[in-house]
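Q: Please read through the structure below; I'll follow up with questions.
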Amino acid sequence: MKILFIDDDEASHTYHGLMADEAGIPKTSIQHFMLVDKALEFLNDIIQNDTSEEWPTHIFIDINMPMKSGFDFVKEYSELNHCYPDPSVVFVSSVRSQNDLSKIKAYPIIKDIKEKFLEADYFIALKAAES
């Protein structure tokens, strides 16, 4: 299991990191990014260096961020040229608008939208599903 957290809020990274840790997910299996572009750069590096063991199985991303949104990430991700399995993308947001819910349907890679904050139980279930 490899997880990417993409969120412009440092507190979200800290909290979700603690919850994942409580669920027994090693810190070495988690990457944190404050910016969409940095996360995409990380993915591109994996593709270019063919370091498939670093490819994420799950991406948790905030919808509303100042420079680029979660939707911008998904659009740009879909343009990456790679042969790895698509990760499960879950939008995590404190605001759930009807507009966001309808836009999600256009992107099959987005598996769910969850309200901030994800608890340890969520990560425990995620880890159990991977076993």
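The values are calculated or read from the model by the stated rules, or taken from the named source; none is laboratory data. What you are looking at is a predicted structure, and each value in this text was computed from that prediction instead of being measured. Here the Cβ positions follow ideal geometry from the backbone for every residue, glycine too, while neighbour counts run over all protein chains shown.
Q: What's the number of the only condition in (1) out of contact with any strand residue (DSSP E or B) (no Cβ under 9 Å at 6 or more places or on another chain); (2) under 25 Å from Ser29 (Cβ atoms); (3) hydrophobic (A, V, I, L, M, F, W, C) that Phe60 fails to meet?
A: Only one criterion in (1) out of contact with any strand residue (DSSP E or B) (no Cβ under 9 Å at 6 or more places or on another chain); (2) under 25 Å from Ser29 (Cβ atoms); (3) hydrophobic (A, V, I, L, M, F, W, C) is unmet by Phe60, namely (1).
Q: Enumerate the helices (runs of 4 or more DSSP H) found wholly within segment 1-86, keeping only those where 3 or more residues are in contact (Cβ under 8 Å) with a residue 40 or more places away in the chain and closer than 22 Å to Ile104 by Cα.
A: 70-77
Q: Same structure again: Restricting to segment 42-85, what's the tally of residues that are surrounded by 12 or more Cβ atoms within 10 Å (Cβ to Cβ) and either of a type outside the set (Asp, Glu) or under 25 Å from Lys103 (Cα atoms) (or both)?
A: Number satisfying all stated conditions: 30.
Q: Regarding Tyr107, is this residue surrounded by 15 or more Cβ atoms within 10 Å (Cβ to Cβ), under 15 Å from the mean Cα position of the chain (by Cα) and either part of a loop (DSSP other than H, G, I, E, B) or at pLDDT below 95 (or both)?
A: Yes: the conditions hold for Tyr107.
Q: From the list Ile46, Ile59, Ile63, which one is over 22 Å from Thr14 (Cβ atoms) and aliphatic (A, V, I, L, M)?
A: Residue meeting the stated conditions: Ile46.
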